[in-house]
Amino acid sequence: MHRKPSGTTLLLAVLMVVPAFALCRAAQEPQTLIVNGQRTQITVVQMNGHSYVDLEALARAANGSLSFNGNQIALTLPGSGDTSTSAPAPVSSPSNSEFSKSFLRAGIEQMTIIREWRTALANAVQNGFPIADDWLSAYRSQATTALRLSFVAISTDSDRNAYRLLNSEFENMKLLSNNYVAVRQSMQFIAPDSLASDPLNQKILNCGHSLAGMAASGQFVDDGSCQ
């Protein structure tokens, strides 16, 4: 014979269900997860004193990846594993209106060699010393090397523009040197003051002064002296 539950039994059942339902509601109370200071759409559930989140949602929010291998789950987050693909820190570069330090050093070395080359030629002319290509070629070789180093050091627009003037100065000095070597080889007389009236020599001097001014200011300014 089937017995109906008594009022007391129903009351006990209700009293047991209500706390269980309340506990379940409390366990599912959602919280928002913030990753690296950024609010995400990931829901955090507290249950039995522990926090639970959706791993796939966490991987997406942190720009990571999730992989499965048998009974293993691998969560990879940026910076937590392989650092070989980390982007290098940006290297500050000088403004395009300024000379880079490496080019400036190479350019000053180039100008120094050309000045010494011209001075050696001027001393030979003024004092009537023999002018031969064998000893002047040493200056030409050094200036060629310095010019190449200047070219390799180019990294700004100012470097590139100044290199054209350095190259022009080098070519003019080479031409001046070759001219006097040729005159000496032809056994022609060279007046001690011939350089003073030589327009090519004056152009080399003016260009050298212009380049020195640019090096001092660190800025490219073409005043036409090297054209």
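The values are calculated or read from the model by the stated rules, or taken from the named source; none is laboratory data. Quantities reported herein were computed from a predicted structural model and do not represent experimental measurements. All Cβ positions, glycine included, derive from the backbone under ideal geometry; neighbour counts span all protein chains shown. Please note that ligands, DNA and RNA were not included when accessible areas were found on the heavy atoms of the full protein model with its side chains. Shrake-Rupley method; radii C 1.70, N 1.55, O 1.52, S 1.80 Å.
Can you find a residue that is more than 26 Å from GLU98 (Cβ to Cβ) and either assigned to a helix (DSSP H, G or I) or open to solvent by less than 70 Å² (accessible area, probe 1.4 Å) (or both) anywhere in region 144-151? Can you show your working first?
The first filter runs over region 144-151 and keeps only residues more than 26 Å from GLU98 (Cβ to Cβ), leaving 144.
Next, only the ones that are either assigned to a helix (DSSP H, G or I) or open to solvent by less than 70 Å² (accessible area, probe 1.4 Å) (or both) stay: 144.
The answer is yes; a qualifying residue exists.
Go through the residues of region 127-136 one by one and say whether even a single one is exposed (fewer than 12 other Cβ atoms within 10 Å of the Cβ) and among the aliphatic types (A, V, I, L, M).
No, because not a single residue in region 127-136 is exposed (fewer than 12 other Cβ atoms within 10 Å of the Cβ) and among the aliphatic types (A, V, I, L, M).
Of the numbered conditions (1) under 15 Å from GLN126 (Cβ atoms); (2) open to solvent by less than 30 Å² (accessible area, probe 1.4 Å); (3) of a type in the set (Phe, Trp, Tyr), PHE189 fails exactly one; give the number of that condition.
Only one criterion in (1) under 15 Å from GLN126 (Cβ atoms); (2) open to solvent by less than 30 Å² (accessible area, probe 1.4 Å); (3) of a type in the set (Phe, Trp, Tyr) is unmet by PHE189, namely (2).
Look at region 116-170 and say how many of its residues are among the aromatic types (Phe, Trp, Tyr), in contact with an Asp or Glu (Cβ under 7 Å, 6 or more places away or on another chain) and farther than 30 Å from MET187 by Cβ.
Here is the first cut: in region 116-170, the ones among the aromatic types (Phe, Trp, Tyr) are 117, 129, 135, 139, 151, 163, 170.
Retained after the next criterion (residues that are in contact with an Asp or Glu (Cβ under 7 Å, 6 or more places away or on another chain)): 139.
Going one step further and asking which of them are farther than 30 Å from MET187 by Cβ, we end up with none.
Qualifying residue count for the region: 0.
Going by the conditions given, is LEU200 open to solvent by 70 Å² or more (accessible area, probe 1.4 Å) and either touching a residue at least 24 places away in the same chain (Cβ under 8 Å) or part of a loop (DSSP other than H, G, I, E, B) (or both)?
On the way: open to solvent by 70 Å² or more (accessible area, probe 1.4 Å): no; either touching a residue at least 24 places away in the same chain (Cβ under 8 Å) or part of a loop (DSSP other than H, G, I, E, B) (or both): yes.
Here the answer is no, as LEU200 does not meet what is asked.
Could you tell me which residue of region 155-182 is nearest to ILE113 (Cα to Cα), considering only residues that are surrounded by fewer than 19 Cβ atoms within 10 Å (Cβ to Cβ), in contact (Cβ under 8 Å) with a residue 24 or more places away in the chain and among the aliphatic types (A, V, I, L, M)?
For region 155-182, the residue satisfying everything is LEU175.
Tell me whether region 132-144 contains one or more residues that are under 29 Å from the mean Cα position of the chain (by Cα) and either of a type in the set (S, T, N, Q) or under 21 Å from GLN227 (Cβ atoms) (or both). Talk me through it step by step, then tell me what you get.
So the first thing to find is which residues in region 132-144 are under 29 Å from the mean Cα position of the chain (by Cα), and the list is 143-144.
This time we only want the ones that are either of a type in the set (S, T, N, Q) or under 21 Å from GLN227 (Cβ atoms) (or both), so: 143-144.
Yes, some residue in region 132-144 is under 29 Å from the mean Cα position of the chain (by Cα) and either of a type in the set (S, T, N, Q) or under 21 Å from GLN227 (Cβ atoms) (or both).
Does region 92-115 contain any residue that is modelled with pLDDT of 95 or more, open to solvent by 80 Å² or more (accessible area, probe 1.4 Å), in contact with a Phe, Trp or Tyr (Cβ under 8 Å, 6 or more places away or on another chain) and in a helix (DSSP H, G or I)?
Within region 92-115, not a single residue is modelled with pLDDT of 95 or more, open to solvent by 80 Å² or more (accessible area, probe 1.4 Å), in contact with a Phe, Trp or Tyr (Cβ under 8 Å, 6 or more places away or on another chain) and in a helix (DSSP H, G or I).
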